[in-house]
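S.K.: Next up is a structure, given as structure tokens.
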Amino acid sequence: GAFSGCTKLTSLYIPSSVTSISSDFVDGCTNLAAFEVHGSNPNFLDFNGVLFSRSYSTTLLRFPPAMNMSSLECTVTERAQTANRDGYTVTSELSDNGKVTIVSIASGAFANSRYLKSVTLPSTITSISANAFLNSSITSISIPTTVTSIGTSAFQGSNLTSVIIPSS
């Protein structure tokens, strides 16, 4: 990918002109701790340093591998409070209830994350792509019953000791 192996990279700013990103664009960026996306970018957005696609149905594209966070609850996250970010109005990612609807986890989204131990996915998630948590430090995950597809090697090399799938 474009920045693969840039081990000294700690943050990445994505300007409004970027329209596509390969799934491996930051592979091997072991010190990457945050993404920042220009507010007028029509395709991507960041929330608390995590990279998402910008659409009504959002995909969590990449969790920075060096983000110092031990637990992540991927609840349907409000974005309405950041409406004037970078001088642009952020509205395209808002659903009718003013929240982002995360429906999928992209390939490699949590790959090589060093500090993340626990993840709780929201009930809006329907798919977890291949290699989503590849070689991550994750030890526990709560997967909703709405997930109908889990890709090949989604958790390969992770430190999973607990998988919770609540009864429907």
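S.K.: Could you count how many residues in the range 98-136 are more than 18 Å from THR7 (Cα to Cα) and not aliphatic (A, V, I, L, M)?
M.R.: Number satisfying all stated conditions: 16.
S.K.: Please give the number of the condition ASN97 fails out of (1) more than 24 Å from ALA34 (Cβ to Cβ); (2) modelled with pLDDT of 80 or more; (3) over 15 Å from the mean Cα position of the chain (by Cα).
M.R.: All conditions pass for ASN97, except number (2).
S.K.: (1) at pLDDT below 85; (2) in a loop (DSSP other than H, G, I, E, B); (3) touching a Leu at 6+ places or on another chain (Cβ under 8 Å): which one isn't true of ILE102, the others all being true?
M.R.: (2)
S.K.: Return yes or no: is SER129 at pLDDT below 90, within 13 Å of the chain's Cα centre (by Cα) and closer than 27 Å to GLY157 by Cβ?
M.R.: On the way: at pLDDT below 90: no; within 13 Å of the chain's Cα centre (by Cα): yes; closer than 27 Å to GLY157 by Cβ: yes.
So SER129 fails the test.
S.K.: Between THR89, THR77, THR7, which is over 19 Å from SER127 (Cα atoms) and either modelled with pLDDT under 85 or of a type in the set (Asp, Glu) (or both)?
M.R.: Values: THR77 fails: over 19 Å from SER127 (Cα atoms); THR7 fails: either modelled with pLDDT under 85 or of a type in the set (Asp, Glu) (or both).
Going through THR89, THR77, THR7 in turn, just one is over 19 Å from SER127 (Cα atoms) and either modelled with pLDDT under 85 or of a type in the set (Asp, Glu) (or both): THR89.
S.K.: Restricting attention to the range 42-73, and to residues there that are assigned to a loop (DSSP other than H, G, I, E, B) and touching a strand residue (DSSP E or B) at 6+ places or on another chain (Cβ under 6 Å), which single residue is modelled with the lowest pLDDT?
M.R.: Of all residues in the range 42-73, those assigned to a loop (DSSP other than H, G, I, E, B) come to 42-43, 48-49, 54-56, 63-70.
Adding the requirement that they be touching a strand residue (DSSP E or B) at 6+ places or on another chain (Cβ under 6 Å) leaves 49, 54, 63-64.
Values: GLY49: 87, ARG54: 80, PHE63: 86, PRO64: 88.
Taking the candidates together, the pick is ARG54.
S.K.: Sticking with this one: When the range 18-48 is examined, which residues are found to be under 15 Å from the mean Cα position of the chain (by Cα) and touching a residue at least 40 places away in the same chain (Cβ under 8 Å)? Full working, then the answer.
M.R.: Looking only at the range 18-48, we keep the residues that are under 15 Å from the mean Cα position of the chain (by Cα), and these are 21-27, 32-37, 43-48.
Result: ILE21, SER23, ASP24, ASP27, LEU45, PHE47.
S.K.: For the range 110-121, state whether one or more residues are loosely packed, with under 15 Cβ neighbours inside 10 Å and farther than 13 Å from PHE63 by Cβ.
M.R.: no
S.K.: Of all the residues that make up the range 127-168, how many are open to solvent by 60 Å² or more (accessible area, probe 1.4 Å) and part of a loop (DSSP other than H, G, I, E, B)?
M.R.: 11
S.K.: Restricting the first residue to the range 98-111 and requiring it to be at positive phi, which pairs with a second residue that is surrounded by fewer than 24 Cβ atoms within 10 Å (Cβ to Cβ) and at pLDDT below 70 meet a Cβ separation below 6 Å and a spacing of at least six or different chains?
M.R.: That search, which allows pairs on different chains as well, returns GLY98/ALA80.
The values are calculated or read from the model by the stated rules, or taken from the named source; none is laboratory data. Everything quoted here is computed from the prediction, not taken from an experiment. Methodologically, a virtual Cβ is constructed for each residue, glycine included, from the backbone with ideal geometry; neighbour enumeration extends over all protein chains shown. All accessible areas refer to the heavy atoms of the entire protein, side chains included, with ligands and DNA or RNA removed. Shrake-Rupley method; radii C 1.70, N 1.55, O 1.52, S 1.80 Å.
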